[in-house]
Amino acid sequence: MKKVFALLLLAILASSAMAQDYSGMKGADICSRNKQNRTSHMNPAMLSPNTPRHSYDVQNYKLNLDIYSCFKSSAKTFTGTEIMTFKVDSTLSSIQMNAVYTSIGIDSVRLNGGAALAFTHSSTTNILTITLDRTYNVNETVNLYIKYHHNNVSDGSFNVTTSGYVFTDCEPEGAREWFPCWDRPSDKATFDITVKVPAGTKIGSNGRLADSVVVSDSLWYRWISRDPLSTYLAVLTGKYTGYNVDIVWWHKLSNPSDSVPIRLYYATGENIAPTKNAMVDMTTYYSQVFGEHPFEKNGFASVSSYGGGMENQTLTTIAPAWSSVNSLISHEYGHQWFGDMITCGTWADIWLNEGFATYCEALYFEHISGYTAYKNNILGDASGYMSGNPGWPIYNPSWAITTPPNGTLFNGPITYYKGSCVLHMLRYTIGDSLFFAGLKAYATDTVNFKMKNAITDDFTAKMSSVAGQDLTWFIDEWVKQPNHPTYQNTYGISNLGGGNWRVNFKAYQTLSNTTFHKMPIVIKVSFTTGSDTLIRVMNDVNNQTYAFNFNRQPTTVAFDPNNDIVIKTATLTVDVNSHENGVPKEYSIEQNFPNPFNPSTAIRFGLPKNSFVTLRIFDAAGREVTTLVNEQRAAGVYVENWKASGYPSGVYFYTITAGSFTETKKMLLVK
């Protein structure tokens, strides 16, 4: 989906389709590299329960384009008319549309076919401002007739190649370079596109083929999209000569007598067999997991000079990589559910597109080859994230207003790989049954999401509802916070006598560059006899200690033995303060954690023998504010929590006295 290949590789790609070698590459990587490289002209300004709205809601774009000469002369000029039907969301007397000045020239604007309307087209903001004939009120419907032309410029969105291809490529905000529109992902509309091309040309677009008429040496195609789509998913892809189309028919699960055409466009000499043979099974599998295939048509169209794939609604553009079924094809096809059927409400929520499609790759591997293949794919995602993590969160609320550069928006390690890993870890956290039930409920929710938009908080709420628990904490730490946990865990094995043993385990995260990550953790204990024991506990505070008793001798302890928390770093060492009987060698008190803290912190100390212990808290003026411990304690290691919600911010001190041992440490409460 994205084009971030090196210049030399791009030159090779442009010169020969056979030079493109995607073997061994993940679909997510192909997609990310492709999209990062495309140029775009983006301007700041969106339908799920929480998706932003603007002053009008586009209902339909009807385009009539004469691109005949683009195929004949390789020029990028064409003429077009557009009828944009919109519903008024707030009282207005003028509207603004996106239209890149260097690409699109506006010839005239009329209202409902009537008198001409005044307009201005800014060369600095690329905004087309149209003055309406009167003030319109909420829920009124308006039809604007716009006559325009596309200039002979290379803008990356409307492309004409010397090898005979004409194709559009719009994500994130390139639709404004080939037709005037409100170019944000939240404003979905139906499309009705008619194009004039030379007779013999094959060209595809969104939705169903409603008509094709030959008039002299020209052919008129009309494509109508029954289902609304975001502007960046609008597409034209065609070739004058040497282009072929095969159709695979998929029979609906709900009604096997009804079938959906999957159209495959390819140049002569390309081997489409691997993808063609997989289409029915892939469509059936995704339909079973996410809900039935939602569109009236689907398909793929190859372009020899293209650098990856782009999930245009019902017609994905790809490089001639038809054999990349398990990677690129499964990724792009997964987008038809996540990205197209449900589209991110803002660019801050792009992981709902790309992280999900990347996860679809892994699920397809699981479908055809089993869980081990799935897990290896996820571990590949984790490796891609860990080796390339730039240190920012998946979700950045400012991106909802100001679209970031493509290299940031489509960053492979974050948007794709970490997004996929988050879904895997959510599956681990709530279990397969609830996870897949949640995904299907999300994808089949016709009231809020299906054929609409979603933002991150919408997804969180839906999964929480199905899981029967508030999962906000999970999304906040993994999606809205940067980086990943760094565990420095310790354990000790104690002989309690009489054939009884205890394993003490402390889960500790350093928090040097991220927040604390609450997660269920698995601890594996091995023994001198018998099988291993797996213990799953919730690690919901930092520096958390656990004690497990056994009637056989433990030998080793392992943390997260199945690597379910796939993005982390972790060490596990024997507690240096522990003898084999679990008693510290000497008195000790550790620095509280976390520090600074709010509202609570943990203080850990060790007693080498039975002692009378006091642990007191003082403010900066030396006044005692509370006593945490004032009693006789047996030898061992203890953790005391100070809940300071009722105290003001500031510096505090804690002092422990045990036997002849006294020590004071400083801590900081910040509210």
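Any read-out appearing in this document is the output of simple, stated calculations on the displayed coordinates, not a laboratory observation. All of these numbers come straight from a predicted model, not from anything done at the bench. Glycine gets a Cβ as well: all are built from the backbone with ideal geometry, and neighbour counts include every protein chain shown.
Taking the charge dipole of the chain about its Cα centre, with +1 at Lys and Arg Cβ atoms and -1 at Asp and Glu Cβ atoms, the residue from Val503, Trp478, Ile193 reaching farthest to the positive side is Val503.
Which lysines have a Cα less than 26 Å from the Cα of Lys72, not counting those fewer than 8 places away in the same chain? Cross-link targets: Lys62, Lys147, Lys196, Lys202, Lys239. Helical runs (DSSP H, four residues minimum) scored at -39500 (n - 2.57) apiece and divided by the length of the chain put the mean residue ellipticity at 222 nm at -6000 deg cm²/dmol. The calculated FRET efficiency for Thr268 paired with Asn60, based on their beta-carbon distance and R0 = 35 Å, is about 0.45. The order of the peptides 488-497, 390-399, 223-232 by mean Cβ neighbours within 10 Å, most packed first, is 223-232, 488-497, 390-399. Take every pair of alpha-carbon atoms less than 8 Å apart whose residues are at least six positions apart; their mean separation over the length of segment 424-530 yields a relative contact order of 21 percent. The modelled label-to-label distance between Ser323 and Ala118, using points 7 Å beyond Cα along the C-beta direction, is 6.3 nm.
Once C-alpha pairs closer than 8 Å and six or more residues apart are averaged by separation and normalised to the residue number of segment 484-581, the relative contact order reads 39 percent.
Could you compute the FRET efficiency for Thr662 and Asn641, with r as their C-beta to C-beta distance and R0 at 25 Å, rounded to 0.05? That gives a FRET efficiency of 0.70.
Between Ser108 and Lys252, the C-beta separation translates, for a Förster distance of 25 Å, into a calculated FRET efficiency of about 0.05. Model label sites at Asp281 and Ser465, defined 7 Å from Cα along the beta-carbon direction, differ in position by 3.5 nm. Highest mean first, the peptides 357-366, 525-534, 401-410, 124-133 sorted by other C-beta atoms within 10 Å per residue fall in the order 357-366, 401-410, 124-133, 525-534.
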